[in-house]
Amino acid sequence: MGLSFTFLGSGTSYGVPMIGCRCAVCQSTDPRDRRLRSSGALRSGTTTLLFDISPDLREQALRANLDRLDAVFLTHTHADHLHGIDDLRGFTRLSREMLPLYAQKDDVDFVRQHFNYIFDDNHFYLGWGIPRLDLRVVDTAAVQVGDLSVQPVPLRHGRGSAMGYRVGGLAYLTDCSEIPKTSYPLLQDLEVLIIDGLRWREHPTHFSFEQAFAEARKIGAARTYLTHLAHDIAHAATEKLLPKHIYLAYDGLVVNCS
Ligand SMILES: [Zn+2]
Ligand SMILES: [Zn+2]
Ligand SMILES: [Zn+2]
């Protein structure tokens, strides 16, 4: 099974550059320092999955030539991972099919409540002007979508939780500050680990670089990519400082995996 993962966005919640910031990274001309909000598309030969629904989804989809999705997997409900939800109508307008959106039980409830216009039958007169979403709960059981088996990987994100996802030899673990003991067995023999690495300084709800390095060593993937990067990370200068087999994500980067 050949997989390719496209980083649609690699930035933290504000995006990079941040509005009004005059720091060196926010003014950088290196395209790798321009980061839309974090999300990714995973493609096999026949199946395409979207991880998270960034507020930048429309621009990301256009940039990556993404016009068909088989399912969406939500990591958690923070705005930077969810608020592009209305733009999913671009996909369901074309497919004329309900699009499965998988999330943890509490997150499914949150989405239904906060975006009730999508799920309220009284609004169905809007037809395909709204995204047609089929909310589905994930717990710890693998979910089959087309030719892909998606294994949820529970994570801690500050005092809350987030869901990581593993498909084949690749795991996508954004927005986490702790990996529960019970999740490590789900992360054995990885080829590609994509993990939250916000910045060098510590943060209450995200892994710092040093913490992400420690997790990368513990998990032992052949290659590790740091994502959800803040505006204090200059790509070119920082990549020289990283341990072997650890890389910085950037928007548009495509990673292949078996
Ligand atoms: Zn986030
Ligand atoms: Zn800045
Ligand atoms: Zn978050």
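Scanning the range 21-36 for residues that are away from ligand 1 (no atom under 16 Å from the Cβ) and among the hydrophobic types (A, V, I, L, M, F, W, C) turns up Cys21, Cys23, Ala24, Val25, Cys26. Pro152 is checked against (1) surrounded by 21 or more Cβ atoms within 10 Å (Cβ to Cβ); (2) farther than 29 Å from Leu99 by Cα; (3) away from ligand 1 (no atom under 16 Å from the Cβ) and fails just one. What number does that condition carry? Tallying (1) surrounded by 21 or more Cβ atoms within 10 Å (Cβ to Cβ); (2) farther than 29 Å from Leu99 by Cα; (3) away from ligand 1 (no atom under 16 Å from the Cβ), Pro152 fails exactly one: (2). Among the residues making up the range 154-196, those that are within 16 Å of ligand 3 (Cβ to nearest atom) and within 13 Å of the chain's Cα centre (by Cα) are Ala162, Met163, Gly164, Tyr165, Tyr172, Leu173, Thr174, Asp175, Cys176, Ile194, Ile195, Asp196. The residues of the range 159-183 that are part of a loop (DSSP other than H, G, I, E, B) and among the acidic types (Asp, Glu) amount to a single one, Asp175. Name the single residue, out of those in the range 7-32 being open to solvent by less than 10 Å² (accessible area, probe 1.4 Å) and not small (Gly, Ala, Ser), that is farthest from Leu173 (Cα to Cα). Ranking the candidates gives Val16 first.
The test for being away from ligand 2 (no atom under 16 Å from the Cβ), in contact with a Lys or Arg (Cβ under 9 Å, 6 or more places away or on another chain), assigned to a helix (DSSP H, G or I) and not aromatic (Phe, Trp, Tyr) holds for Leu186. Within the range 52-77, the set of residues being in a loop (DSSP other than H, G, I, E, B) and buried (at least 19 other Cβ atoms within 10 Å of the Cβ) comprises Asp52, Ile53, Ser54, Pro55, Asp56, Leu69, Asp70, Leu74, Thr75, His76, Thr77.
Under the condition of being in a helix (DSSP H, G or I) and among the small types (Gly, Ala, Ser), the residues counted in the range 93-125 number 1.
Going through (1) more than 16 Å from ligand 1 (Cβ to nearest atom); (2) under 18 Å from the mean Cα position of the chain (by Cα); (3) buried (at least 19 other Cβ atoms within 10 Å of the Cβ) one by one, Leu133 falls short only on (2).
The values are calculated or read from the model by the stated rules, or taken from the named source; none is laboratory data. Predicted model only: the values in this text are computed from it and were never measured. Here Cβ is always computed from backbone atoms with ideal geometry, including for glycine, and neighbour counts include all displayed protein chains. Ligands, DNA and RNA are stripped out before the accessible areas are found, and what is left, the full protein with its side chains, is counted by its heavy atoms. Shrake-Rupley method; radii C 1.70, N 1.55, O 1.52, S 1.80 Å.
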